[in-house]
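Structure, as structure tokens:
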Amino acid sequence: MAVTSPAPVRPEKPVAQGFPRRLWASTVGKKAVMAVTGAILFGYLLAHMIGNLTIFFGDIDGYGVFLRRLLAPVLGYGGLVWVIRAVLVLAVVLHMTAAIQLARRSARARPVGYAKRPRAQGGYAARTMRWGGVIIALFVGYHLLDLTAGVLNPHGVDGQIHANVVADFRHWYVVAAYTLAVVALGFHLRHGLWSGLRSLGRAPSRSAAAALVVALVITIGFLSVPYAVLFGIVR
């Protein structure tokens with residue numbers, strides 16, 4: 001009786017991956033995504049802070065109208081604002097996803113913890129990046145429902161930015177929550193900028209000093225408005 005040998009198993013051909021997928025799969029690619037999305041978010045924060053400060057020097061309601069009129073013939077009234085929001089949401093999702101995946105990849109590469117954990121580079125900011133990110137994410141959700149949608153704002157009238165801001169920050173507990181989130185953002189920025197400057201080859205001392213100055217400017221800029229309202233400087 002003849003014995004039939006099993007047919008040879010042919011190895012499966014590797015599935016070709018495009019450049020974006022290969023980039024995302026690599027550690028270097030994830031760090032690049034974090035750097036690019038971080039730069040986008042930093043640019044938005046800087047522009048947003050400058051826009052907030054118009055409450056001291058001009059008509060912040062007019063500034064809001066100006067933003068909504070930009071590219072209105074092409075995108076419609078307020079269309080550019082929605083495009084910016086979509087880009088920001090995508091940047092935040094990619095930034096957080098890359099950060100989480102890099103942290104898990106690092107943990108898998110070192111399954112046994114250090115006998116004595118060395119002090120983290122970047123000090124307190126480096127050790128609080130995770131909780132800082134959680135605080136910022138929660139606050140962004142609240143901030144959108146408050147000053148963007150107006151659902152949680154005591155005044156909550158679309159287009160009346162000045163009145164909405166004053167109605168919000170006359171309450172100390174709103175200012176306290178805002179302060180917590182902005183301080184967390186400051187630490188997050190400091191560490192992110194420090195890491196980015198180090199990656200570009202800057203000296204550690206200069207990187208730390210530059211990151212600290214920028215983080216302080218952003219933090220003070222954002223906190224100046226709520227405290228000005230709370231203490232009656234802006235009415």
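A short reminder: the numbers here are calculations on the coordinates, not readings from a lab. No experiment lies behind these values; they were computed from the predicted model shown. Here the Cβ is made from the backbone with ideal geometry for all residues, glycine too, and neighbour counts use every protein chain on show.
Give me a comma-separated list of calculated 3J(HN,Hα) values for region 62-71, in order, Karplus coefficients 6.51, -1.76, 1.60 applied at θ = phi - 60°, integers in Hz, x for any Gly or Pro. In residue order, the calculated couplings are x, 5, x, 5, 4, 4, 6, 8, 4, 6 Hz.
Measuring r between the beta carbons of R202 and M96 and using R0 = 22 Å, the FRET efficiency lands at 0.30.
Be a star and scan region 150-178 for residues whose amide nitrogen sits under 16 Å from the point 7 Å along the Cα-to-Cβ vector of D61. In region 150-178, the label zone of D61 (backbone N under 16 Å from the point 7 Å along Cα→Cβ) covers 155-168. Here the gap between S106 and I84, fully extended at 0.36 nm per residue and compared with their Cα-Cα distance, gives a gain of 4.7 nm. At an R0 of 25 angstrom, the distance between the Cβ atoms of R235 and A210 translates into a FRET efficiency of 0.10.
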